Structure formats: C-alpha cells, structure tokens
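Colleague: Below are the structure tokens for one structure; questions will follow.
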Amino acid sequence: MYSQLTLQALDTLLKNRFKEGFLSLKDLPNPSTFKDMDKATKRIVQAINNKEKITIIGDYDVDGVTSTTLMKLFFEEIDYPIEWIIPNRFKDGYGLSANIIPRILGTDLAITVDNGISAVYAAKLCKEQGIELIITDHHLLAPEVPECFAIIDQKQEACSFPYSDVCGAQIAWYLIASLKNAMKIKINMMPYMELTAIAIIADMMPLQHINRAMVNAGIEALNKSTRPAIKAFLEHSQKEALNAEDIGFFLAPLLNSAGRMDDAKYAVEFLASTNIYDARVRLGRLVDFNNARKATEQEITTQALAQVNLNDEVIVVEGEEWHEGVVGIVAERVARHHEKPCIVLSNNGEGILKGSGRSFGAC
C-alpha cells in the first residue's frame, strides 16, 4: 500500500494536511493584538524614561528561565539596569508569591514572565507596597484574577491574539517586539527567537501555526548563533547543529535540572553567558545537576513502583523526604508504566505532604 509513497510525496502530503501550520514570520500577528500589550508597553517605556526600578519575576522551568533570560538580555541591550528573580522551588514556591515580596521591596514596576495569573494575594501585597505590577502569562485564568496594572495573557477574554497555545517566552518575545517598536530602536529580534524556540519545544506547545514558524526560524538562528551558551552546548554534545529533538531531549532537561535540584538562576546565568569560558563552566554545573537528577529520579521511581496497589484506579504513593524536584517526573513515569493517573507525595518529616500528579491518556 505504501510502496509507492516517496519522500517528496510524503512531504507534500504533510504540508497539505497541516497547511495552516506552515506560516512564515511575516504572518506573525501584531503585538497589539494582545489585550493590554500597548498599555503595558507604554508603562514600561515610562518607567525607563523616569529611571524607575524594574524587577522581572520568572519561573523555574525552561519556559520561565528562557522568558527571564529574554527580558534580561533586552534590558542589557538597551543599557537599562534591572533586577531579575526566579523563585526557588524549595524556599519560595511557584512564581509571584507572598514569599518573594520582601525580596522586591523598593521596586517601582514588577513584570512577571510565565507566571502571575493566579497570584491574587501576591498582587494585593504588591499594591500595598506601592509596587506597580504587569503580569505576562500564558496559563488559564481562574474565576478571580489578580488586580494589577496590566495582564497580557492570550487566554483572557477580549484578547484578539488569534492563537491560544503559546508559551510564556513567546509572550515575552512579543513584549520585547512591542517595546522595540514603541521606543523606535533598532535591535535584531532573531537572537531572541533562538531562546523562544527552546521554550516552545520544552513547554510542549503544538508545533503548528505560529509555533511552527517560530521554531523553524529559531532553530535556524540557533545553528548560526554566536551565543556562548549554544556554542558550549554544541561542544558538549559533540554536534555541529541542533534540531528539535536535541532541544527537547538534551538541552531542555539540562536547563530544567537547575530548578529541580538547586536554583534555576544557574540556568539563566548559563544562557546569558557573555563568553565561552563562563558558558563552559556554567554548563558543567548544569550537567552535574542533571546527573544528580537522573540518579535521584531512578531511585525514587523504584521505590514508588514498589508501593503501587494494582487495584487502585488512581495510584497514590508517598515517601519520606523524596526530592520535591523530581516527584513530577516520577509521577509521569509511574502513570505511564501502569497506564493510570498517579500522585506522588513527599513527606517532609513534619507531617506535611507535598507532591505532584500526572494523568494518563484522556484522563
């Protein structure tokens, strides 16, 4: 049946089947199609003109790390000093929270990337402290949203951006593009596209429409990149060029390992390295984190599988002081192994359970 199918015919078939997914960069929607994009842009430009203190607040996964790096690199390119924070998974918890408010006191304008849409209480604390807040996120909105100056999230009502499945780094990229236009400055957006492509792949966005266009352009840019971090990774992996598989299965786990095992700031520092020597050293640290992650993950997975009751519709397992950074991966492995939803909990020794769950199939 398939003996007559040539590679050229297969390529044509796939292009026709996913015709809408083959956009080019010229087809990308305008930044202004995001609700509050223009409002947020004007406020950031005002902050720059008034020399206000700006703090970027990211997240500890690859999307959050790359989003933070994008903003850091942009402000460095325009020579404007900012501060940036990625909350520590173990000390601070997720994203903008009450735990990090003491660390951003004195900030005039806080900007979240890849988080914040659920930070109702933290937004209230920001307001009480006189910190104006702009939230950029891509996650679903809860019935109650934070009270803040602006929210850029493609999933909110009255947002004209035509695609719902985009990641936090894409929104950060669009914010940078909007700032570039508003400030009438000449900067090359392709180096920012490199990091955005990494986030799209790592966050498992569907590779169609805008995502396909940005990944294709981003990978092409990565393979021409002069970025020290990318050069160091190519050296380490002994590759001459990168593809989506390299990013998803090798680079992304390295970047993720910092936040899982220690602090995601090390991943930002690696991506933002300004010379090959620092990049090599910082990559070595990530490799160590990732090796530790693999060993810890394997050990806990073995213990978790031994606890499974095959009669349970939903698997729930618990361990003493299981590493919080890998319980999500363990839950995914157990769920896939038994083809059932799984929740993995870690007991911190004080009677407090903290964990992560994963579904299976259409659950």
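The values are calculated or read from the model by the stated rules, or taken from the named source; none is laboratory data. This structure is a prediction, so every number in the text was calculated from the model and none was measured. Because the Cβ atoms are built from the backbone with ideal geometry, glycine has one as well, and the counts that use them run over all protein chains shown.
Colleague: Among the numbered criteria (1) touching a helix residue (DSSP H, G or I) at 6+ places or on another chain (Cβ under 8 Å); (2) exposed (fewer than 15 other Cβ atoms within 10 Å of the Cβ), which one does Gln298 miss?
Modeller: For Gln298, the failing item is (1).
Colleague: Still on this structure, please answer the following. Can you say whether Ala232 is free of Cβ contacts under 8 Å to residues at least 40 places away in the same chain and either within 21 Å of the chain's Cα centre (by Cα) or not in a strand (DSSP E or B) (or both), as far as the supplied structure shows? Before the answer, list the steps.
Modeller: On the way: free of Cβ contacts under 8 Å to residues at least 40 places away in the same chain: no; either within 21 Å of the chain's Cα centre (by Cα) or not in a strand (DSSP E or B) (or both): yes.
In short, no.
The rows are residues; the columns are (1) buried (at least 20 other Cβ atoms within 10 Å of the Cβ); (2) out of contact with any Phe, Trp or Tyr (no Cβ under 7 Å at 6 or more places or on another chain); (3) outside the structural domain of Trp84 (by TED's automatic domain parsing); (4) on the phi < 0 side of the Ramachandran plot.
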residue: Ala232; (1), (2), (3), (4): yes, yes, no, yes
residue: Asn243; (1), (2), (3), (4): no, yes, no, yes
residue: Val316; (1), (2), (3), (4): no, yes, yes, yes
residue: Ala331; (1), (2), (3), (4): yes, yes, yes, yes
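Colleague: Just to verify a result, which residue in region 293-320, among those that are without any contact (Cβ under 8 Å) to a residue 12 or more places away in the chain and assigned to a loop (DSSP other than H, G, I, E, B), is farthest from Gly355 (Cα to Cα)?
Modeller: Asn311
Colleague: Could you list all residues from region 155-206 that are outside any helix (DSSP H, G or I) and crowded, with 21+ Cβ neighbours inside 10 Å?
Modeller: Restricting attention to region 155-206, the residues satisfying the condition of being outside any helix (DSSP H, G or I) are 155-167, 184-189, 203-206.
Result: Phe161, Val166, Cys167, Asp203, Met205.
Colleague: Further question on the same structure: Quick check on my filter: what residues within region 321-363 are in a loop (DSSP other than H, G, I, E, B) and acidic (Asp, Glu)?
Modeller: So the first thing to find is which residues in region 321-363 are in a loop (DSSP other than H, G, I, E, B), and the list is 321-326, 339-341, 348-352, 359-363.
Listed by number, the residues that qualify are Glu321, Glu324, Glu339, Glu350.
Colleague: Six or more apart or on different chains, Cβ under 8 Å: which pairs go from a residue in region 80-102 that's more than 17 Å from Gly259 (Cα to Cα) and touching a residue at least 12 places away in the same chain (Cβ under 8 Å) to one that's of a type in the set (D, E, K, R) and in a helix (DSSP H, G or I)? Could you list them?
Modeller: Ile82/Lys72
Colleague: Here's something else I'd like to know. Does region 63-73 contain at least one residue that is touching a residue at least 12 places away in the same chain (Cβ under 8 Å), surrounded by 15 or more Cβ atoms within 10 Å (Cβ to Cβ) and part of a loop (DSSP other than H, G, I, E, B)? Explain how you work it out, then say what you get.
Modeller: Initial filter on region 63-73 (touching a residue at least 12 places away in the same chain (Cβ under 8 Å)): 63-73.
Now restrict to residues that are surrounded by 15 or more Cβ atoms within 10 Å (Cβ to Cβ): 63-73.
Going one step further and asking which of them are part of a loop (DSSP other than H, G, I, E, B), we end up with none.
Scanning region 63-73 turns up no residue that is touching a residue at least 12 places away in the same chain (Cβ under 8 Å), surrounded by 15 or more Cβ atoms within 10 Å (Cβ to Cβ) and part of a loop (DSSP other than H, G, I, E, B).
Colleague: Among the residues that make up region 134-145, is at least one of them at pLDDT 95 or above, among the hydrophobic types (A, V, I, L, M, F, W, C), closer than 28 Å to Leu207 by Cβ and not in a loop (DSSP other than H, G, I, E, B)?
Modeller: Looking for residues that are at pLDDT 95 or above, among the hydrophobic types (A, V, I, L, M, F, W, C), closer than 28 Å to Leu207 by Cβ and not in a loop (DSSP other than H, G, I, E, B), one finds at least one in region 134-145, hence yes.
Colleague: Check region 113-123 and report whether any residue there is under 25 Å from Tyr163 (Cα atoms), among the polar types (S, T, N, Q), within 15 Å of the chain's Cα centre (by Cα) and in a loop (DSSP other than H, G, I, E, B).
Modeller: yes
Colleague: Exactly one of (1) farther than 24 Å from Ser359 by Cα; (2) in contact (Cβ under 8 Å) with a residue 40 or more places away in the chain is unmet by Glu240. Its number?
Modeller: Checking Glu240 against (1) farther than 24 Å from Ser359 by Cα; (2) in contact (Cβ under 8 Å) with a residue 40 or more places away in the chain, the one that fails is (2).
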